[in-house]
Structure formats: C-alpha cells, structure tokens
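S.K.: One structure, pasted below without further comment.
The values are calculated or read from the model by the stated rules, or taken from the named source; none is laboratory data. Note that the coordinates shown come from a computational prediction; the quantities given were computed from them, not determined experimentally. So basically every Cβ, Gly included, is an ideal-geometry build from the backbone, and we count neighbours across all protein chains shown. These accessible areas exclude ligands, DNA and RNA; they are computed on the full protein's heavy atoms, side chains included. Shrake-Rupley method; radii C 1.70, N 1.55, O 1.52, S 1.80 Å.
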Amino acid sequence: MSDELSKPFTESSLSKEELMKMNRERRVQIITFAFMIFLTVLAFIAVGMEMIEPSFAIPFILLLAVVQFVLQLFYFMHLKDKDHQWPNAFMLTGIVVATPAVIALVLLLGVTKY
Amino acid sequence: MATATASMNNNKSVLWDWLTTVDHKKLAVLYLIAGTLFFVKAGVMALFMRIQLMSAENDFLTGQTFNEFITMHGTIMLFLAATPLIFAFMNFVIPLQIGARDVAFPFVNALGFWIFFFGGLLVSVSWFFGGAPDAGWTAYVPLSSGEYADLGLDFYVLGLQISGIGTLVSAINFIVTIINMRAPGMTMMRMPLFCWTGLVTSILIVFAFTPLAAGLALLMLDRIFGGQFFVPDSGGNAVLWQHIFWIFGHPEVYILVLPAFGIISEVIPAFSKKRLFGYTAMVFATLIIAFLSFMVWVHHMFTVGIGPITNSVFAIATMAIGIPTGIKIFNWLFTMWGGKLTFNTAMLCASSFVPTFVLGGVTGVMLAMVPIDYLYHDTYFVVAHFHYIVVGGIVLGLLAGTYYWYPKMFGHKLNEKLGILMFWLFYIGFHLTFFIQHILGLIGMPRRVFTYLDGQGMETMNLVSTIGAFLMGAGVVVLVINIVYSAFTSERVAVRDPWDARTLEWSTTTPVPEYNFAQTPQVRSLDPWFYEKIHGDGLMKSAEPMDEIHMPNGSILPFMIGLGLFIWGFGMIMLNMENPIMPPAIVIGVGFVVTFGSMLVRSIKEDHGYHIPLDKVKKIEKEVS
Ligand code: HEM
Ligand SMILES: [Cu+2]
C-alpha cells in the first residue's frame, strides 16, 4: 500500500469498477435532482396559475409531494442501495405507524375542541 | 499508542471517575442509583397521599399539596424512576448478552444519562420556586395552561423536554448497538428475549417520545411565548393536547412493561432449568404488541365525546392487544411447566408477576369496553388497574432483575432470607393496597380527589389500602437494609455463573473486566452459554485471537452538556417568573454557551481512545479467573 501513497486517491484505493459505480451513482443523483426540481416547478405552476381549479390542484400537489418523498428516501437517503434493510425497515415502520395516526387526527380533530 | 495508554493509569479521584465514565457497566450503576432515589422520593409522596386518604375528611395535606403530590408521584415514577431503572438493566445486560465490548456510542450513552438526570433535577427543583406542577402527570389543558397553572408547570414542560432528549439518545444508542454490535453467530433470532424487548422498547421510544417532545414544545410556546395552540377562544384546540399526549402515553406504558417482560423471560427459564417455551412466538408477540400500542390511544379518551364509531374502532384495537399478551402469559407458564423450579427471591418475583399481570390485563380489557368505561373512567378502578400493571408488572420485574443480576453487577448476592421477607411484605402489601381500590372505584370513589365524605362506606377500604401501602414501604425498607447488609456480610461471588443460567452475560468473569470479553465469543446457538456447557467444554469459543483492546476515553463533556441544558431550561422558566433575580436572557445565554460550547469541544478535539496492551489484558484475565 505504502508505495501507492504518491498516487492520487482515486487511483490508489478505488478499483475500476468502483470508480464506474461512483460515476453512475453521481449521474443518477443529478437526474433525480433535476426531476425533483421539475416536480417542484409543476407544483408551483399548479398553485400559482389562476386557471387551475383548487379541487384539482390540491390533490395534485399532494400526489407530487408523495412522489418527492419516495424519491428523497430512495435516492438521496440511499434506501434503494443494498445493505440498507435496517434503515428500510425503520422508515417503513415509521410510515406505517405515523400514517394512521395522522389520518385519524385529521378526521377526529374537527369534531370536539374542548 | 504508548502515550495513549498512559491516560488510563491516571489516579484521579473516584468522584471524577464516575462523573466522566463512559463504561456501560458504570453508567448502569448510575442509572440504578438515580432511578432508586427518584423511586424512593415518589414512594414517600405516595405514602403521604395514602395517609391523607386514610380517613374521611382528613386534613393532613391540603388539596393543593395533594394535587402537587399526585402529579409529581406519577411523573417521577414513570419518567424518572421506572425508565432509568429499566435503562440500568438494559445498559448493563444488553452489551454482555450480545457479546459486545460496550454500546455502539459510549459517549452518547453517558450523554443520555446526564441529560436525563439534569432534566429530572429540573422537574424536582420546582418545589423551591413556588410549588410543583399540579395538573396531573397527563397535564391536560386548560388545567395546565398559563391561565390556570403556575410556574410548576413550566418546570414540568421543560424538565420533561430535557430528560426526554436524554431518553431518546439512549434509545437510539441501544438500537444501533443491538443491530451492529452482535458477536459472530448471534443472529437476531438467537438474541435473548431481554435484548429483543430492549430493542423494541428503544424503537417505541424513538416513535413515541418524538410526539411527546412536539406536544411539550407546543405547550411551552403556549405558556411562555403566548401561543394559542390549545386555547379554543383563539382558534386553538384543547383536545389536541389529549391526542398528542396519549399518542405518546399509551406506547409509554409498553416502553416500561416490555423490558419487564424481557427480565421475566430471562429469570423464569434460568430457575426452571428449561429453555424459554415458544421463543419465536415470544419475539413476534413482542413486535405485535409494539405495533398495536400505537393504534389504541383513544381508549384513554372514550369519554371525551369523539363519537361511537371512533370509540368502537379503538375499543376493538385495544382488546386485540390481549391476544399477543395472552401468548406471552401461556409461554411463561409452559416454561415453568415440568421444569426443575427453584423459588428464590428472583423467581418468586418473576413467577408472581404472571398472575398479577393477568389481573391488570383483565381489568384493562374491561376498561376497553366503551359503555363500561363511562362508568369506570376517572374512578379508583382505573387507579387499581394501572397499578396492577406498573407495580405488579414493572416493579416486580425490576425486583426480579435486581436479585438476578446483582451478583454480576456488584460481585455478591443479596441475602435470600431478607429477600424473601421483602417479597412477601411487598406482595401482600401490594394486593392489600390496590385490590381493594377496584371496589372503591366500583362504589364510586373518584380518582385524584384529596378527601371524601364520612358515611359513604369508603373509610374502611381506604384504611386497608393505606395499611397495604405501608407494608409495601416496609418491603422497600427491607430491600435497602438487604443491600447494605449484603455488602458487608455476603461472600464474594468468584464463579462466572452463580445461578447456572443460560445466556451470554454469565460467561463473563465476575467482576466483569472493563472490556467485558477479552476475546469476542463465537455464538453457536440460542442460549449460547448453556449450549457450551452441555455440548462444548463449558467455556465460550472465541471468535478472534487475543489482542490489545481499543477502549474509549472518559469525558466530562456529557455532564457539561446536561448541565448546560439545565441552565438553559431554567432560564426559559425564569421568563415566566414575577421578579427573577437576574435577567433570564443571561441565564439562557449561559446555558446555550455551555451546551454548544461543550459540543464544539467534542467536535474539534480529537479523541481516539486508548489501547489496553496485550500483556495487561492477559494479566487481568489471569487475575479474575
Ligand atoms: C409504592 C407503591 C405505590 C403507591 C402506594 C401508589 C399510590 C398512588 C396514589 C394514591 C395515586 C393517586 C391516585 C388518584 O387519586 O388518582 C397514584 C397515582 C399514580 N401512580 Fe402510584 N403508587 C405506587 C407506585 C407506583 C408506581 C411504581 C408507578 C409507576 C411506575 C405509579 C404510577 C402512578 C401514576 C402514573 C399515577 C397517576 C398520576 C396522575 O393521576 O397524574 N405508582 N399512585
Ligand atoms: Cu393505554
């Protein structure tokens, strides 16, 4: 190892395959990022332009939000990668536990206030 | 490396050693001491409340003091006594049971303890600043709002917020430890049940303490900064607090009782000389209970008036929890069935846990039926129900754990004669105190009242209840005497495994060296230590050659961060004081600087720990074995 210290890091400690994987990963990240910006722009248009009915706009941006959420988790937070079963399990548990609670709260809170 | 080794040979004072320790075994002892102190404090309050309720129209305590006692008793018992006592055993036992040298983040472990401790201290000092919180441990708005409650509630809000942070970071640490630090061969389905329940409890803490933190933050905004989240007149919603609190509150009871289940599941097999019956079923029952515990919170709010459909849904969900719990009960019974039973104190506590817990569970299912709950709600029936769970369940579990793990923790056993005396005093006292409260509730005695009228037929039963409470108190006194007495008279335990038990913690030498395992053990089956005793040569196979051992350095920073948060929280409370001695902003500033300054030091100062050299490891190993 020590004789390779003079070489740059990428050559000394990364194999060809690892380097390719890293580049691919970078490309994927940029594409997802661009796609998510696009979704955000869509959301802004849906709300900002007067022509679109709120009855359509609200479910539409909620849908966009869900898509964004999933993309965030899988691409930016690496849940898609292998060896991520535990984080996956935890995120899933959190979602499964939180969703009914939030839905129940939304449904119930209007009923009784005090 | 040689220079780093020097740091362990320092001869700093004992006090400094305990303040800076990051060793999970020492932190366990700290948790044990802190938890016991809080337990005794809340227990004395309970005795005072029982004296007040001993006879009709008694005036031993005023109504206000009684309210403060009730609130502090409940709050302390749940957050500051039961939780740290459970953490004490989790800290000591889990790394040993999974064959690890320490938890994943020793520094964070110490941080969790000190933050919890200073948070608890903040709640406790409320006595000296105009009185303790008095809105019940549930702190329902509007009782707890700025309109009705004094400074005490600010202490409640900020103290619990801080101690909750400590509990949260410890829980995250346990999760990482159990997932990442298991010895080779220790698959998830070979983990002892106490590790499983510890893991599930930690997960519950992560999911349940976060809503609590959010709720407390909202209440703080309301009280200190003039928010209106819970003020209906300004568009807020008072019921929202109840929802948030119980979304946290119901999982909280399982956070406490699951580790007690775990302890029982360790003690019963050890003294039945049989493996745990239905291990897999036990694991899945634990997981199902944990999941369901998030789906039932409205059963605390049946009488709020949310509506019949909602109430029915949550009633059914609540009753469903009875099924996995029943599985557990039967598994414990079948473990004992046909076993070679030894009834020492640990086993007495563990086996009597089972019927007591069933009683608490049965009344729980009764309370889950909505029409009946309209009768029972806010009567002593409820008090009896949850004390069968918390005292008959959690406290008995903790007592069993104390007697069971004491030789590993402190190097000698507790005296058995005194132990058995303690058990009977406590057990009889417990049933005297709380069984009769079922009946009191049924004849209509409301809970959280500081007195009752003559001639309603409640005097005798309340007197019996008070006598029982004093018997329990006597039991605890005997326990304390036992601890002191055994420290002087008990012979040292020199063997690894004084109980002839089954799990990995008993394969370590007594006392446990600071690195736990000189060589990481190789696990070959469920109950690995038992397996090696029967199929191997009676010692664990090792998974690595003997080598020098990397250890973390102690640090005072966790203590400083806790202290900083204490000062900071106190400064926030001063914002609500009539005439604080100094401007609150200064105190807040000092707290902020101490907290984040310590974090900064931690971030920029490199600390790679030290190594115990090989010959020293060999020397220690020779000494202890
Ligand atoms: C030493 C034995 C104990 C005695 C004699 C005792 C007695 C009492 C009494 C008299 C009350 C007030 C009942 C009312 O009027 O509503 C109470 C409430 C309570 N106790 Fe205990 N208790 C004991 C142990 C425990 C333990 C070990 C825990 C928890 C781990 C606990 C948790 C609670 C809670 C959560 C409340 C409700 C507080 C509230 O309403 O805000 N108790 N107890
Ligand atoms: Cu509940």
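S.K.: Summarise the partner chain shielding of A:89-100 as one whole number: the mean count of Cβ atoms from other chains within 10 Å of each residue's Cβ.
M.R.: 3
S.K.: With a 1.4 Å probe and every protein chain kept in, tell me what percent of the accessible surface of the range A:15-80 is carbon plus sulfur.
M.R.: Whole-percent figure for carbon plus sulfur exposure: 76.
S.K.: I'd like to compare B:196-204, B:36-44: which one has the highest average count of other Cβ atoms within 10 Å, and what's the full order after that?
M.R.: Result, highest mean first: B:196-204, B:36-44.
S.K.: With each label point set 7 Å from Cα along the Cα-Cβ vector, what nm distance links B:Glu147 and B:Tyr515?
M.R.: So the label points at B:Glu147 and B:Tyr515 sit 6.4 nm apart.
S.K.: Against the longest principal axis of chain B, how steep is helix B:151-180, in degrees 0 to 90 to the nearest 10, with axes from Cα atoms?
M.R.: 30
S.K.: Something else: So, for chain B, what is the accessible surface per residue at a probe of 1.4 Å, expressed in square angstrom?
M.R.: So chain B comes to 39 Å² accessible per residue, rounded to a whole number.
S.K.: Take peptide B:504-514, look around each residue's Cβ out to 10 angstrom, count Cβ atoms belonging to other protein chains, and average those counts.
M.R.: Per residue, the average neighbour count from other chains is 0.
S.K.: Identify, among B:Met540, B:Ser55, B:Val141, the residue whose Cα sits farthest towards the positive end of the charge dipole of chain B, taking +1 on the Cβ of Lys and Arg and -1 on the Cβ of Asp and Glu, with the dipole about the Cα centre.
M.R.: Projecting each Cα onto the dipole axis, the largest value belongs to B:Met540.
S.K.: Next up: Just to check I understand the Karplus step: with θ = phi - 60° and J = 6.51 cos²θ - 1.76 cosθ + 1.60, what whole-Hz values come out for the range B:234-242, glycine and proline as x?
M.R.: Using θ = phi - 60°, the values come out as 9, x, x, 9, 6, 5, 3, 4, 4 Hz.
S.K.: Amide H to amide H under 5 Å from B:Asn415: which residues, 5+ apart in sequence or cross-chain, H placed 1.01 Å off N in plane?
M.R.: So B:Asn415 has HN proximity to B:Ser486.
S.K.: Which of the aspartates and glutamates could a cross-linker span from B:Lys340 if the Cα-Cα distance has to be under 14 Å and same-chain partners fewer than 8 positions apart are dropped?
M.R.: B:Asp500
S.K.: Based on Cβ point charges of +1 for Lys and Arg and -1 for Asp and Glu, what charge dipole magnitude is obtained for chain B about its Cα centre, in debye rounded to the nearest 20?
M.R.: Using only the charged Cβ atoms, the result is roughly 1740 debye.
S.K.: Can you tell me the mean projection area, over all orientations, of the convex hull of the range B:90-205's alpha carbons? Units nm², please.
M.R.: 8.0
S.K.: For chain B, take the longest principal axis of its alpha carbons; what is the angle in degrees between that and the long axis of helix B:345-368, to the nearest 10 within 0 to 90?
M.R.: 40
S.K.: With +1 on each Lys and Arg Cβ and -1 on each Asp and Glu Cβ, how big is the dipole of the protein assembly as shown about its Cα centre, in debye rounded to the nearest 20?
M.R.: The calculation lands at about 1680 debye.
S.K.: Then there is this: Any chance you could get the radius of gyration and Dmax over the Cα atoms of chain A, in Å?
M.R.: 21.8, 75
S.K.: Could you order peptides B:418-424, B:566-572, B:448-454, B:459-465 by the average number of other Cβ atoms within 10 Å of their residues, highest first?
M.R.: B:566-572, B:418-424, B:459-465, B:448-454
S.K.: Mind checking which lysines have their Cα closer than 19 Å to the Cα of A:Lys80? Skip sequence neighbours fewer than 8 apart in that chain.
M.R.: Of all the lysines, those that pass the test against A:Lys80 - Cα under 19 Å, at least 8 places apart if same chain - are A:Lys21.
S.K.: Once you've got the Cα coordinates, tell me which of B:Lys26/B:Lys541; B:Lys417/B:Lys533; B:Lys41/B:Lys328; B:Lys25/B:Lys413 are over 25 Å apart.
M.R.: Listed pairs above 25 Å: B:Lys26/B:Lys541; B:Lys417/B:Lys533; B:Lys41/B:Lys328.
S.K.: To the nearest 10 degrees, how steeply does helix B:557-574 sit against the main Cα axis of chain B, on a 0 to 90 scale?
M.R.: Helix B:557-574 and the main axis of chain B meet at about 10 degrees.
S.K.: Counting each pair of different Cα atoms once, what's the Kirkwood radius of the range A:15-80 in Å, rounded to one decimal?
M.R.: Across the range A:15-80, the inverse of the average 1/r is 13.5 Å.
S.K.: Calculate, in nm to one decimal, what B:Phe435 and B:Ser234 gain on full extension: separation in residues at 0.36 nm each, minus their alpha carbon distance.
M.R.: 67.9 nm
S.K.: Over the range B:374-498, with every protein chain in place, what whole percent of the accessible area is carbon and sulfur at 1.4 Å, could you tell me?
M.R.: Exposed carbon and sulfur together represent 73 percent of the surface.
S.K.: Can you list residues from other chains, or at least 5 along the same chain, whose modelled amide H is less than 5 Å from the amide H of B:Ile549?
M.R.: Counting only residues 5 or more places away or on other chains, the set is B:Ile612.
S.K.: Just name one of B:Val253, B:Leu218, B:Pro232: the one whose Cα is farthest towards the positive end of the charge dipole of the range B:210-360 (beta-carbon charges, Lys/Arg +1, Asp/Glu -1).
M.R.: Of the candidates, B:Val253 comes out farthest on the positive side.
S.K.: Work from the charge dipole of the protein assembly as shown (Cβ charges, +1 for Lys and Arg, -1 for Asp and Glu, about the Cα centre) and give the residue of B:Ala400, B:Thr71, B:Phe470 farthest towards its positive end.
M.R.: Result: B:Ala400.
S.K.: Here's a follow-up. Which whole number of Å³ per residue matches the convex hull of the alpha-carbon atoms in chain B?
M.R.: With only Cα atoms used, chain B gives 157 Å³ per residue.
S.K.: Using all alpha carbons of the protein assembly as shown, what is the percent of pairwise distances in each 20 Å bin, ordered from the shortest bin to the longest?
M.R.: Here the calculated profile for the protein assembly as shown is 15, 47, 32, 6, 0.
S.K.: Please work out, to two decimal places, the log10 of the ratio I(q)/I(0) at q = 0.18 Å⁻¹ from a Debye calculation in which every Cα of the range B:65-124 carries one identical scatterer.
M.R.: Cα-only, vacuum Debye calculation for the range B:65-124: -0.71.
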